[in-house]
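Data first, discussion second: the structure below is written as structure tokens.
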Amino acid sequence: MSMKYLKILLLCVPLSFIGEYLNWNATLVFFLTCVSIIPLAGYLGNATEDIAAYTGPKFGGFLNATFGNATELIISFFAIKAGLFDVVKASLAGSVLGNILLVLGCSIFIGGIKHKELKYDSQLGTFTATMLLFAVIGLSLPAVFTFNVSEKLISSEYESFSVITSIILLIIYVVGMIYSFKTQKDLYGVEHADDIDNRWSLPVSIIILGIATVLIAIESEILVSGIEPMTEAAGISRMFVGLILIPIVGNAAEHSTAVIMALKNKMDISIEIAVGSSLQIALFVIPVSVLLSLIYTPMSIIFKPIELFLIGASVLIANQVVKAGRSNWMEGLKLLSVYLIAAVGFFIVG
Amino acid sequence: MSMKYLKILLLCVPLSFIGEYLNWNATLVFFLTCVSIIPLAGYLGNATEDIAAYTGPKFGGFLNATFGNATELIISFFAIKAGLFDVVKASLAGSVLGNILLVLGCSIFIGGIKHKELKYDSQLGTFTATMLLFAVIGLSLPAVFTFNVSEKLISSEYESFSVITSIILLIIYVVGMIYSFKTQKDLYGVEHADDIDNRWSLPVSIIILGIATVLIAIESEILVSGIEPMTEAAGISRMFVGLILIPIVGNAAEHSTAVIMALKNKMDISIEIAVGSSLQIALFVIPVSVLLSLIYTPMSIIFKPIELFLIGASVLIANQVVKAGRSNWMEGLKLLSVYLIAAVGFFIVG
Amino acid sequence: MSMKYLKILLLCVPLSFIGEYLNWNATLVFFLTCVSIIPLAGYLGNATEDIAAYTGPKFGGFLNATFGNATELIISFFAIKAGLFDVVKASLAGSVLGNILLVLGCSIFIGGIKHKELKYDSQLGTFTATMLLFAVIGLSLPAVFTFNVSEKLISSEYESFSVITSIILLIIYVVGMIYSFKTQKDLYGVEHADDIDNRWSLPVSIIILGIATVLIAIESEILVSGIEPMTEAAGISRMFVGLILIPIVGNAAEHSTAVIMALKNKMDISIEIAVGSSLQIALFVIPVSVLLSLIYTPMSIIFKPIELFLIGASVLIANQVVKAGRSNWMEGLKLLSVYLIAAVGFFIVG
């Protein structure tokens, strides 16, 4: 993605630190940390891709498969530490639907306005299609089990179930990764090295990766600590912050890359970014978050009905859009409309 | 559709007025108003199509897209005025599933018995397919948000959410209509001018449109006012009246046209009528009804789980039937069976 | 299926009788009856197929369509007699998902390891696909009606609804069977006579059918009477017994045949066995069980959300796997993972 615009946003990093230190207005500090994570996530992503390009496909694939959504994972970690389980889950569910409805929707809409009709490979390989279906079913199962169970009972009995489910999802993710390496299939679609416009040397990439990670960690801690004062001050629901705001921040880098690719009429790459990132959230970041929570207080893998409905609807839409093999701005507008209805719902209803 | 049989049913119009005036038995008057709306809806539809044919494709397309389900809209209006929100929503949900399960089911069943195998275009254009999916997701979202919310809270907070959702659905409907005009795609499938057997002059068409609309309005008001006394007298649930009886009355004209087309082995037109009408209900009549309700008491866009399940199931079936590209009476029987199970359910359970 | 291994398991038949008579440990007797039903179900299935081969396609098709899942029906009957409705429904839902997730999953996994890529007919005829969809919708409808109804009300009002729904499902099953006979389509995919390795004479087949049926009946009664003491003694939930254990026992014979076919790279037959058996459970065994319950206490056709979710998910997966036209061990692993998560859920949560 284009780094020049991102550099300006880096100014928000020191500003957010100062704001936090001087106890500025909670909403302003929250806004500053949000904005400062965007370029950091971009640098983290670019550094990961560069290192992957240097280390060869095998370790590179592993790097992309684990660090591809590192920002989401870091934010989750600090939100777990703070016990904000509803925000954690909302932000991860929001990341899946943000990737499909917002990122893919924007790509199709903007790309479609420029190039009347967008054409692309109509085969989202069987592999990815069943992987998406598997992810949706795997994530939904624990919630359906608790359908008629009171919320208090959920925490106790569902701990071991959540852990086992997470381990199974992770195993499938890892085995799938190895399988796709062996069969030369680009599984999670995170390779698009040809389209990276700036490239650093390996040592520089590693240093940037390190610095970006540390800064994202610090910003995430500030972000998370600011959620409660901010939501109270601004009268915004925590669900809206989790499902809409945080995913936009975490996905902004992928978002701009996907739209740029759509403008270049390379919709295949836009689709790969959106779908690949969704899969990674569902089968890697979510189970790892559940396992990480065991350090503090165990978090269940049980999502809310609205979260699962939106994930399921996104996957359905992604499947239909990809199978069609061509799209236009009207299709993009439909995806964005669903996202808008959901965003309005979380804003008003919470 | 064939007008000669409808003319006889027009006799019920004066009879229903007399019955209402003389306070005949509530069930009888309800039955008479139901029967009298059937030919009136047929005349309204034919007049609309004739005017559309005179005014050219642009204004004609607009006319079909707004007046195509005018009867449903008029009945909704009077039911909203009377505060019978459950009946309004039931009748609109019932119209979607009636169009697909009953109208399409009958067409396939009867057409399939005559012509062993029915073949048709296996591409329900991507446009219509994603439009149907969008409609189902858009209509379901508000309900999923209120999944765990008590029924009393729903009315207050969900008013603005319902209004915004309705406006978004309407925008997509209108933009989609304009888009399909520009790209020459027959969007909502309401054009089948070649198959209209009688044609009036433009002034006659306008006069018939006016008279039919006024008479439907009067009949609708009588119909709505009769729902409560009738359901109590006959021991029928309001859900059955809303989901089964009213949609049959409102859709009878399309129904007979679709079956006639299936008998002529023109299944493409039957499918267009059923699917196009469903889309129009979901993306035009439902949101307009929610907005109209603001005149009196605001009605939410939140449907019951059973209504959404049936709409979703109908759309799934419609997609599968159309994608197959050919059908036979056994397939039609399956659609009719689902409708029958639903009808029995509403009759017994309510 | 290969009979030689089954013969050894027959030893459990006398052992289970002795155990029951001498009041051995409940869990041990339960285990013995489970194991002894496996070979008996195998003999019952083989005898049915042999008789079907002798009597010609028409009566043979009828035999396969009714006796194909006789073991499940017999177990259901005794569980209904004992009033264990939750176990009955769980075991029937479990049979559907066991057939698809476990039987088909194992077949793809084991077959895929032997033959890198498994190819098969990518057309699960429209007939079977809409039949599966119809079965899922038909089975789900009664449950969705009772979404907001308290559990106590369900039993009374839903009796006639359950009976009518059952009759409609049965009619579709029977009409579909006749239709497929006439159009020469292999409807429920239970014909694979070429692959039977041992064949008895007609009288021997009938005698074996009779003996196997009687022994399964006796074992089923012991099995059902042992569920409560066993679940209490071993601390296993009844849902786990119903959804996981009993279907494994009832499907073991089909299971081994399907895997053997997959090893021979005849995935078409494996798919036919899994999908055909699922359809038979949904449209024949379940409605017949509801009707049989009228002899004792009427059982409703209302399934739990988790059961319907798993049936729906299984059908979705089955459709996707079959449509792909080829598969590999990784796909099989995904099916098995979903089954494993469900099994863990029922074991822990119950």
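Checking the conditions here, which among C:78, C:134 is at pLDDT 90 or above, under 26 Å from residue C:226 (Cβ atoms) and in a helix (DSSP H, G or I)? Let's see the steps before the verdict.
Numbers: C:134 fails: under 26 Å from residue C:226 (Cβ atoms).
C:78 is the lone residue from the list that is at pLDDT 90 or above, under 26 Å from residue C:226 (Cβ atoms) and in a helix (DSSP H, G or I).
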Practice item. Evaluate segment A:237-249: report whether one residue or more is in contact with a strand residue (DSSP E or B) (Cβ under 7 Å, 6 or more places away or on another chain) and in a helix (DSSP H, G or I). Key: no
Exercise for review: For segment C:329-350, name all the residues that are farther than 27 Å from residue A:305 by Cβ and within 7 Å of chain A (Cβ to nearest Cβ).
Suggested key: C:330, C:331, C:333
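Take the conditions under 24 Å from residue B:138 (Cβ atoms), assigned to a helix (DSSP H, G or I), without any contact (Cβ under 8 Å) to a residue 40 or more places away in the chain and out of contact with any Pro (no Cβ under 8 Å at 6 or more places or on another chain) and apply them to residue A:306. Does it pass? Full working, then the answer.
Working: under 24 Å from residue B:138 (Cβ atoms): yes; assigned to a helix (DSSP H, G or I): yes; without any contact (Cβ under 8 Å) to a residue 40 or more places away in the chain: yes; out of contact with any Pro (no Cβ under 8 Å at 6 or more places or on another chain): yes.
For residue A:306, the condition - under 24 Å from residue B:138 (Cβ atoms), assigned to a helix (DSSP H, G or I), without any contact (Cβ under 8 Å) to a residue 40 or more places away in the chain and out of contact with any Pro (no Cβ under 8 Å at 6 or more places or on another chain) - is met.
Does residue C:5 satisfy being among the aromatic types (Phe, Trp, Tyr) and modelled with pLDDT of 90 or more?
It is false that residue C:5 is among the aromatic types (Phe, Trp, Tyr) and modelled with pLDDT of 90 or more.
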Exercise for review: Scan segment A:304-320 for residues that are buried (at least 21 other Cβ atoms within 10 Å of the Cβ) and either farther than 20 Å from residue A:266 by Cβ or touching a Gly at 6+ places or on another chain (Cβ under 9 Å) (or both) and report the count.
Suggested key: 9
Practice item. Might you let me know whether segment C:175-190 holds any residue that is surrounded by 21 or more Cβ atoms within 10 Å (Cβ to Cβ), assigned to a helix (DSSP H, G or I) and modelled with pLDDT of 90 or more? Key: no
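Working only within segment C:19-28, note down all residues that are out of contact with any Leu (no Cβ under 9 Å at 6 or more places or on another chain) and in a helix (DSSP H, G or I).
At the first step, the residues of segment C:19-28 found to be out of contact with any Leu (no Cβ under 9 Å at 6 or more places or on another chain) are C:21-23, C:25-28.
Residues satisfying the conditions are C:21, C:26, C:27, C:28.
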Exercise for review: Would you be able to say whether some residue in segment B:264-274 is under 16 Å from the mean Cα position of the chain (by Cα), under 25 Å from residue B:177 (Cα atoms), acidic (Asp, Glu) and not in a loop (DSSP other than H, G, I, E, B)?
Suggested key: yes
Exercise for review: State whether one or more residues within segment C:306-328 are more than 14 Å from chain A (Cβ to nearest Cβ), modelled with pLDDT under 90, in contact with a helix residue (DSSP H, G or I) (Cβ under 6 Å, 6 or more places away or on another chain) and within 30 Å of residue A:158 (Cα to Cα).
Suggested key: no
Practice item. Kindly indicate whether residue A:304 is farther than 30 Å from residue B:323 by Cβ and of a type in the set (D, E, K, R). Key: yes
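Does residue C:282 qualify as being touching a strand residue (DSSP E or B) at 6+ places or on another chain (Cβ under 8 Å) and modelled with pLDDT of 90 or more? Don't jump to the end; show me each part of the working.
Numbers: touching a strand residue (DSSP E or B) at 6+ places or on another chain (Cβ under 8 Å): no; modelled with pLDDT of 90 or more: yes.
It is false that residue C:282 is touching a strand residue (DSSP E or B) at 6+ places or on another chain (Cβ under 8 Å) and modelled with pLDDT of 90 or more.
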Check your understanding: Taking segment B:16-30 only, how many residues are closer than 12 Å to residue B:224 by Cα and aromatic (Phe, Trp, Tyr)?
Key -> 1
Check your understanding: Is it the case that segment B:111-124 has a residue that's among the polar types (S, T, N, Q) and at pLDDT 85 or above?
Key -> no
Point to revise | Residue, surrounded by the fewest Cβ atoms within 10 Å (Cβ to Cβ), within segment B:256-273, restricted to residues that are closer than 11 Å to residue B:121 by Cβ and among the hydrophobic types (A, V, I, L, M, F, W, C) | key: B:269
Point to revise | Test for residue B:85: is it of a type outside the set (Lys, Arg), touching a Leu at 6+ places or on another chain (Cβ under 8 Å) and touching a residue at least 40 places away in the same chain (Cβ under 8 Å) | key: no
Point to revise | Subset of segment A:28-56 [more than 21 Å from the chain's Cα centre (by Cα) and either under 15 Å from residue A:221 (Cα atoms) or of a type in the set (Asp, Glu) (or both)] | key: A:29
**Study point:** Given (1) closer than 13 Å to residue B:130 by Cβ; (2) outside any helix (DSSP H, G or I), index of the condition residue A:297 fails
**Key:** (1)
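The values are calculated or read from the model by the stated rules, or taken from the named source; none is laboratory data. Note that the structure is predicted; figures quoted are calculated from it, not measured. For neighbour counting, all protein chains shown are included, and Cβ atoms are generated from backbone atoms with ideal geometry for every residue, glycine included.
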